[in-house]
Every structure is written in structure tokens, then in C-alpha cells.
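One structure is given below, encoded as C-alpha cells.
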Amino acid sequence: MQPTDRSVHARGGVITQANPERVTVRTRLPAGVISLSQLRGLGEIAERFGADQIHLTTRQTIEIPHLDPDRVEELARDLEANGTPIGAERHEVVNIVACPGTDRCKYSNVETIGLARELDQRFFGKDLPVKLRISIAGCPNCCNNALLSEIGIIGRIRPVRTPGLCTGCGTCVQYCREQAVTIKNGVCHLNEDKCSLCGMCIHSCPFSLIKEEDRHYLVLVGGMSGRHPSVGRELIRVETPEKVVGIVDQVIYWVYRKSRANRLLGEQLDELKFDELKEKIKNEFEDRAPQDP
Ligand code: SF4
Ligand code: SF4
Ligand code: SF4
């Protein structure tokens, strides 16, 4: 009889349960998007391996719980063939999360799902000293906690009041959740200090007096959820998804070279000299205005 191959158990997506006789297997689903045939296939696989339920995780993946550890190798092959391979959970780049973005959400300022897939292809499962979560939100509403991830990416737009006859109707005021728009002397005023760059006021004006400018991705590093939640620090803002991918590449390399195990990335930012990383990234990736040299 062949000995049971346990190498697959070293993968982060195979999770020991409270009952050591059983394991849960987590899948890899960038942006939480799964085709109908893959979903059907996943159900059939779960049933074939004795599970009577699946579990949806907070990071947009699907888990199959209460599995026989001796059958995980066989299960891994079936999951791979289904296009929903074993995922990640340990000190590595785990499932890339994204909100629907411009694919579906009327508030989104940027495309998110294609970017999540690109990041997944390049970085998923990369071994690191710390767990690294990447979350992409199409706007500052941050429905998926992008602010609390090791790398958060948020789509933003700057509203600009253009010349024209403002009636002072106040529609834009009602749309703004930050009290950044006020009516003074019968016309609208934008307060940049309060504005979160969500862009919601831009489409509200019946006379199209508020235009968009500076559509960009804000990249943050070192957010933490869990016991001591904390918002990530702003690294840079850039205009293209290609630049976002290049920046994530550099951040992951920096984490790989410098971070220490057994602590969250957000707890070590000062020791790791985050400001030096920020300066380096700025020099390499900062968008230049057309008139800049
Ligand atoms: S974060 Fe913004 S763009 Fe994404 S789903 Fe929420 S409201 Fe829509
Ligand atoms: S972009 Fe958002 S926060 Fe800024 S003024 Fe418009 S609605 Fe308010
Ligand atoms: S919605 Fe347009 S017209 Fe009405 S107050 Fe705002 S800018 Fe002026």
C-alpha cells in the first residue's frame, strides 16, 4: 500500500480543525468571482468528498469543511481541474479581495476585478515572513475593509466646480456624506479639506457644473484588522493599474526582505523604515504633471 502523500498539507489552504481528525480546505478565488460551472463543480467535489456544506469566508473565498485528511491530495487534484485550486492562509499572500468596481457598482471610480486577477496571477501564495492581505475598493466607501489590509488600494476622483450658472439647488450638498459641499451666497462651494474624493457629487448636478479630475488609485500599506484594528498608511497615489502592480511588487519584495515573523506588518512599519520605502516608491512611480520635467 502506498503511504499517504502529505506534502499538500503544507499548503496554507489546508487548515487543521478543532477536531484534529478533520481538515478544512480553503480555495483560491481572486475577487470572490466564480463561474456557475465552477460553482456547480465545487458543490459536486464537496459532496464527493463527504462534505454536506460549504463556508463563505470574509476574504471572498469558499471553504469545504470537515474533510478526511487522507483524501486531501486527491481533493487538491479535483479542485485544480475545476479552476478553484487550494488557497492560502499562512504567512503568504492570501486571496486577493476586490469589490465589484466599475463592473457593477455605480459609485466605483476604478476597475477592480481585472486588477485583482492580475495581482493574483503575479503574487498569490508568495511565502513571506508575515501574512499579506491585498484588498481593492472602487471608492472610499471601502465596503471590503481595504483600509485594514496590509495593502489597500482605493479608487478616488477629485471633484472640480466649473464655471457656470449654479442655481444653489443643493442637490450636490445632499449627495456629500462629508459635509464638504455647502451653499454660500446662493452658489455651491467645495471644501477640499473635508472631501474624501469619493466622486459622488460629480453626477448629482443637474447642470453638470461639477467635473472630475485626477482619477487615481490610492495605495496604503500596513492596515490591520483583528485585535487591534488600524488604518494603513498612505504610500502613494497613481493613475494606472500597471503602476499599481509595479508598486505592489516592490512592497512585497520589501516585506519579504525586511519584515519579521510573528508580528503583523502594521506593527513593524516604523522599524522597517516605512518612510524610506515611501520615498523610494515616490521617486520611481509618482505621476508627473505634463509640464513637469
Ligand atoms: S467600495 Fe465603493 S465601488 Fe466598491 S462596492 Fe463599495 S460603494 Fe461600490
Ligand atoms: S467627492 Fe465626495 S466627499 Fe468630496 S465633495 Fe464630492 S461627495 Fe463630498
Ligand atoms: S447641484 Fe449643481 S446647480 Fe445645484 S447647487 Fe450643486 S453645483 Fe449648484
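The values are calculated or read from the model by the stated rules, or taken from the named source; none is laboratory data. Nothing here was measured: the structure is a model prediction, and the numbers come from that model. Neighbour counts run over all protein chains shown; Cβ positions are idealised from the backbone, glycine included.
Tabulated results
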quantity	calculated
Filter result (more than 6 Å from ligand 2 (Cβ to nearest atom) and part of a loop (DSSP other than H, G, I, E, B)) within the range 168-180	Gly168, Cys169, Gly170, Arg177, Gln179
Residue list for the range 264-293, filter: of a type in the set (D, E, K, R) and at pLDDT below 95	Glu286, Asp287, Arg288, Asp292
Residues (at pLDDT 95 or above, loosely packed, with under 15 Cβ neighbours inside 10 Å and within 30 Å of Ile113 (Cα to Cα)) located in the range 193-210	Lys194
Strands (runs of 3 or more DSSP E) lying entirely in the range 181-282 (those with 1 or more residues that are within 16 Å of ligand 1 (Cβ to nearest atom))	210-221
Candidate set: the range 117-167, residues that are within 16 Å of ligand 2 (Cβ to nearest atom) and surrounded by fewer than 16 Cβ atoms within 10 Å (Cβ to Cβ); chosen: the one farthest from Glu89 (Cα to Cα)	Thr162
The range 192-241, subset without any contact (Cβ under 8 Å) to a residue 40 or more places away in the chain, not polar (S, T, N, Q) and not assigned by TED's automatic domain parsing to the domain that holds Thr102, residue farthest from ligand 2 (Cβ to nearest atom)	Pro206
Any pair with Cβ under 8 angstrom, 6 or more apart, that starts in the range 50-76 at a residue that is in the same structural domain as Gly226 (by TED's automatic domain parsing) and ends at one that is at pLDDT 95 or above	none
Residue identified as within 28 Å of Val255 (Cβ to Cβ), over 17 Å from the mean Cα position of the chain (by Cα) and crowded, with 21+ Cβ neighbours inside 10 Å among Thr112, Thr61, Thr84	Thr84
